[in-house]
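A short worksheet on the structure shown next.
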Amino acid sequence: MSNNIIVLGAGVTGLTTAICLLRDGYKNVTVLSKHVPGDISSEYASPWAGASILTVANHDDYRLQEMDGFAAKEFKRLADEEPEAHVQYCNGIQYSEQPGAPGEDVYWVRKIYSNVKEIPKDKLIPNVAYGYTFQSYTTNVPEYLKYLVRTLKKLGGHLQRQSFESIQEVIEQYTDVDTVINCTGLGSYYLKDVQDHTMYPVRGQTVTVRAPHIKTQHYIDGADRWTYIIPRGDGTVICGGTVDRVNRQTSPDDEITKSILERVYNLYPEITHGKGVDAFDIVAINVGFRPGRAGGIRLEKEIRRRSNGQKVTLCHNYGHSSHGFQSSWGASNKLVQLLNNERISKL
Ligand SMILES: Cc1cc2nc3c(=O)[nH]c(=O)nc-3n(C[C@H](O)[C@H](O)[C@H](O)COP(=O)(O)OP(=O)(O)OC[C@H]3O[C@@H](n4cnc5c(N)ncnc54)[C@H](O)[C@@H]3O)c2cc1C
Ligand SMILES: *[C@@H]1O[C@H](CO)[C@@H](O)[C@H](O)[C@H]1NC(C)=O
Ligand SMILES: *[C@@H]1O[C@H](CO)[C@@H](O)[C@H](O)[C@H]1NC(C)=O
């Protein structure tokens with residue numbers, strides 16, 4: 001057994017998975033990817049994220065709750081110990097237009113966030129069902145992705161740009177590899193073998209504005225749209241957003257931009273010091289596509305064969321939808337456990 005591992009995909013999922021494998025003692029981990037940090041493409045979700053470190057798990061989705069809880073601990077460690085990761089503590093306000101189902105604990109997030117406090121009904125803004133204040137983290141995404149690449153390399157991992165048409169092509173070309181991890185996000189649209197039809201793109205449009213006075217994160221969740229304000233820690237703020245399964249337009253839509261800025265202003269007028277919607281200092285307008293998946297993140301392993309009959313372990317870690325950053329360390333940790341169960345020896 002050679003113990004060489006290839007991780008396919010250099011988004012937040014692939015990079016975090018590779019780091020977790022190296023930390024667990026695997027020696028030769030190579031990330032191969034069509035896109036790498038620094039690239040901007042509508043086929044590459046990671047650069048477009050806010051990124052807030054929250055949880056979007058339902059109150060009874062214990063699998064995702066466990067992953068997000070695990071990840072939150074790692075983000076706390078990064079905020080405390082590794083300033084070059086560009087992860088910072090951030091207080092937040094969460095509102096929801098949708099009441100929870102009867103009997104549902106809408107405040108279960110206190111298991112994951114700190115300082116969760118319910119906002120009394122008479123202090124809520126109009127048209128919301130409930131709200132709470134809390135503390136979690138935000139990351140500066142471009143800086144955080146660069147930090148992941150540096151960490152990968154420090155641990156002895158490799159990153160190389162390469163595109164494949166199928167997983168089979170990877171294992172035929174790299175004959176000394178016994179494990180491949182599939183972290184290709186929306187790559188299902190481009191990989192030929194076993195196209196996963198549970199995957200779908202979810203368009204997100206955001207506006208980056210300069211607003212250094214904004215130090216808290218704000219969210220209001222509706223049935224089919226989210227409005228949010230995510231400070232990145234460098235004076236810029238990500239304003240969003242949309243959650244759109246229909247629109248496939250890769251360029252910004254002016255009407256949507258207008259709607260985002262109006263919703264954001266109404267949520268927190270302080271963002272332009274109360275000077276109205278025209279006073280936003282716009283830095284960029286962004287469009288990205290989240291790797292949506294029915295059934296949530298796919299964490300599975302299977303055995304593939306090369307044309308010469310050799311067995312290769314194939315593991316999957318994809319379909320992170322709107323929460324690839326906040327679930328990253330938790331999903332990757334589970335992936336390593338899954339792989340360890342499969343392999344007899346790893347050194
Ligand atoms: C507007 C917006 C806001 C968001 N906000 C947040 C947020 O606040 N918090 C949060 O946690 N998440 C957020 N997300 C979601 C987050 O961006 C995604 O969940 C995450 O980036 C998915 O990462 P990934 O590594 O799985 O996929 P990707 O980043 O898409 O990476 C996939 C990689 O696979 C490579 N690849 C694919 N096919 C092939 C192939 N055939 N050969 C070689 N390489 C291949 C690609 O080149 C790419 O490098 C947001 C997303 C959007 C669009
Ligand atoms: C590490 O793995 C790659 C393939 O993934 C291989 O090309 C390389 O030779 C391996 N290096 C060592 C030192 O085994
Ligand atoms: C690899 O992941 C993609 C999702 O990015 C999925 O659609 C595809 O089926 C996976 N490949 C294989 C061989 O299972």
* Asked: Do the conditions hold for Gln160, that is, is it surrounded by fewer than 21 Cβ atoms within 10 Å (Cβ to Cβ) and modelled with pLDDT of 95 or more?
  -> yes
* To do: Could you tell me whether any residue of the range 209-217 is within 15 Å of ligand 1 (Cβ to nearest atom), open to solvent by 50 Å² or more (accessible area, probe 1.4 Å) and polar (S, T, N, Q)?
  => no
* Matching option when the condition is away from ligand 2 (no atom under 16 Å from the Cβ), without any contact (Cβ under 8 Å) to a residue 40 or more places away in the chain and closer than 29 Å to Glu172 by Cα, among Gly274, Gly319, Gly309 -> Gly309
* Structure fact -> The strands (runs of 3 or more DSSP E) lying wholly within the range 7-120 that contain at least 3 residues that are touching a Leu at 6+ places or on another chain (Cβ under 7 Å) and surrounded by 21 or more Cβ atoms within 10 Å (Cβ to Cβ) are 28-33
* Index of the failed condition, Ser322 passing every other in (1) of a type in the set (S, T, N, Q); (2) buried (at least 19 other Cβ atoms within 10 Å of the Cβ); (3) more than 15 Å from Leu64 (Cα to Cα) -> (3)
* Asked: Of all the residues that make up the range 126-150, how many are open to solvent by less than 40 Å² (accessible area, probe 1.4 Å) and under 18 Å from the mean Cα position of the chain (by Cα)?
  -> 11
* Would the range 238-251 turn up any residue that is at pLDDT 95 or above and more than 23 Å from Pro201 (Cα to Cα)? -> no
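The values are calculated or read from the model by the stated rules, or taken from the named source; none is laboratory data. Note that this is a predicted model, so its numbers are computed, not measured. Glycine gets a Cβ as well: all are built from the backbone with ideal geometry, and neighbour counts include every protein chain shown. When the accessible area is computed, the model is the full protein with side chains, heavy atoms only, and any ligands, DNA or RNA have been set aside. Shrake-Rupley method; radii C 1.70, N 1.55, O 1.52, S 1.80 Å.
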